[in-house]
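Presented below is the structure to which this report refers.
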Amino acid sequence: MALDEQVLAYAPPHRYGYRLSCKLFFRTYAGQILLSEYQRTTTEVSWTIDFEPKVPGSGWLASALLDRILDRALLRLKRELEAVHR
């Protein structure tokens with residue numbers, strides 16, 4: 001399964017927008033990551049995804065899986081960054 005990512009917006013260090021071509025699971029899939037400073041020592045991450053599932057009625061399942069994947073990815077990133085700054 002090939003995933004092609006197209007960058008739609010890139011404004012370092014605060015914004016990254018992209019579109020994925022994953023015709024196996026989604027008709028359309030676009031995401032955006034926004035980073036903002038929070039209380040001078042913390043970065044707030046807002047990661048939004050808009051998609052249309054390939055199989056009608058399966059959006060709830062895809063959403064639940066994506067939530068889990070993103071939560072795990074952000075937790076791993078947080079742990080790695082905290083380890084670097086110790």
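No lab work stands behind these numbers, since they all come straight from the coordinates. For clarity, every value in this text was computed on a predicted model and none was experimentally measured. Glycine also receives a Cβ, built like all others from the backbone with ideal geometry; neighbour counts cover every protein chain displayed.
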Run down 10, 29, 18 and say which single residue is surrounded by 11 or more Cβ atoms within 10 Å (Cβ to Cβ), among the hydroxyl-bearing types (Ser, Thr, Tyr) and touching a Phe, Trp or Tyr at 6+ places or on another chain (Cβ under 8 Å).
29
Residue 61: passes all of (1) within 24 Å of residue 8 (Cα to Cα); (2) surrounded by 11 or more Cβ atoms within 10 Å (Cβ to Cβ) but (1)
So, in region 34-86, exactly how many residues are out of contact with any Asp or Glu (no Cβ under 9 Å at 6 or more places or on another chain), within 22 Å of residue 21 (Cα to Cα) and aliphatic (A, V, I, L, M)?
10
Tell me the strands (runs of 3 or more DSSP E) entirely within region 1-73 that contain at least 3 residues that are closer than 27 Å to residue 85 by Cβ and over 11 Å from the mean Cα position of the chain (by Cα).
26-38, 42-53
